[in-house]
């Protein structure tokens with residue numbers, strides 16, 4: 001099928017585009033910049049110029065495709081409209097900036113999802129949307145059947161997840177893929193590199209309390225493949241988990257960082273973690289233990305990439321960071 005992909009030049013989008021093309025699909029990738037457009041063209045994909053802030057561009061992209069995979073998200077203010085930036089920075093107390101930023105990103109995401117749904121409702125085509133496992137409850141193994149936790153660090157995304165699954169009642173073959181905080185591999189610029197940056201800056205690799213809380217993980221190639229499988233065979237209204245390892249202890253991650261940087265690994269209180277990790281602290285303290293058993297059973301997904309600690313224990317993760 002012809003697939004419209006947002007976030008097509010990103011960390012997961014790049015291997016996803018290749019995987020889709022290798023498996024006989026046509027790709028229409030959204031590009032915000034000239035560099036992104038050139039990257040997509042070189043990969044063999046068609047290019048659609050647009051952005052999450054331009055709903056008309058999203059509508060037109062979806063209308064040219066049989067299905068949509070939505071990976072893009074406004075992770076930084078640099079891609080937000082000027083008025084939105086002003087509202088975040090000046091719309092209240094400085095202590096509320098993080099909350100206003102999260103709400104703005106979630107709001108843009110919700111409007112994009114509604115736009116895709118309005119197009120695909122006419123055709124019954126598939127819509128697959130990325131969400132974080134960090135929206136889930138903490139402290140026990142969470143399956144695909146469970147709804148997100150409104151007290152989680154990722155709670156701002158819950159409305160969009162609910163809206164995506166509700167599109168199934170409108171005839172859209174809508175499903176979600178929850179991705180772990182540690183999607184790893186070459187080119188990683190997300191959570192683990194931020195832990196490395198904090199360790200360099202503070203001259204120690206920190207973890208909270210005993211470091212027994214866990215983060216799920218998966219290699220980027222495996223995650224990309226799951227998005228394709230959900231596009232091809234995912235059931236309407238389903239949740240899937242792109243989780244190869246259900247929980248890697250944070251102490252184990254800190255130990256690898258400690259060894260590679262030759263700095264001590266040290267336990268932190270939650271108060272100390274707030275200084276050490278900044279906005280990332282609530283995520284670092286979270287026990288995010290997530291199963292993918294149902295995903296593997298329903299879609300035949302079999303992760304084959306390296307595990308997180310093996311992948312992390314390479315020079316590439318510690319070069320020029």
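The values are calculated or read from the model by the stated rules, or taken from the named source; none is laboratory data. Being a predicted model, the structure only gives us computed values, none of them experimental. Virtual Cβ from ideal backbone geometry, glycine too; neighbours counted across all protein chains shown.
Kindly provide the set of residues from the stretch 224-270 that are surrounded by fewer than 22 Cβ atoms within 10 Å (Cβ to Cβ), under 13 Å from residue 196 (Cα atoms) and in contact with a helix residue (DSSP H, G or I) (Cβ under 8 Å, 6 or more places away or on another chain), ordered by number.
258, 260, 261, 263, 264, 265
Would you say residue 61 is modelled with pLDDT of 70 or more, within 22 Å of the chain's Cα centre (by Cα), buried (at least 16 other Cβ atoms within 10 Å of the Cβ) and in a helix (DSSP H, G or I)?
Criteria met by residue 61.
Residues checked against (1) touching a residue at least 60 places away in the same chain (Cβ under 8 Å); (2) over 20 Å from residue 281 (Cβ atoms):
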residue	(1), (2)
122	no, yes
139	yes, no
151	no, no
159	no, yes
175	yes, yes
186	yes, yes
189	yes, no
218	yes, yes
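Just to be sure, is residue 54 modelled with pLDDT of 95 or more and surrounded by fewer than 20 Cβ atoms within 10 Å (Cβ to Cβ)?
Taking the combined requirement at face value, the residue does not satisfy it.
Would it be correct to say that residue 321 is part of a loop (DSSP other than H, G, I, E, B) and modelled with pLDDT under 95?
Yes: the conditions hold for residue 321.
Would you check which residues across the stretch 302-314 are in contact with a helix residue (DSSP H, G or I) (Cβ under 8 Å, 6 or more places away or on another chain), in a loop (DSSP other than H, G, I, E, B) and closer than 14 Å to residue 216 by Cβ and list them?
Result: 303, 305.
Name the residues in the stretch 117-130 that are farther than 20 Å from residue 12 by Cα and buried (at least 21 other Cβ atoms within 10 Å of the Cβ), would you?
Those that are farther than 20 Å from residue 12 by Cα and buried (at least 21 other Cβ atoms within 10 Å of the Cβ): 117, 119, 120, 125.
Tell me, which strands (runs of 3 or more DSSP E) wholly within the stretch 102-190 include 1 or more residues that are under 24 Å from residue 233 (Cβ atoms) and more than 14 Å from the chain's Cα centre (by Cα)?
Fully inside the stretch 102-190 and qualifying: 126-132, 173-179.
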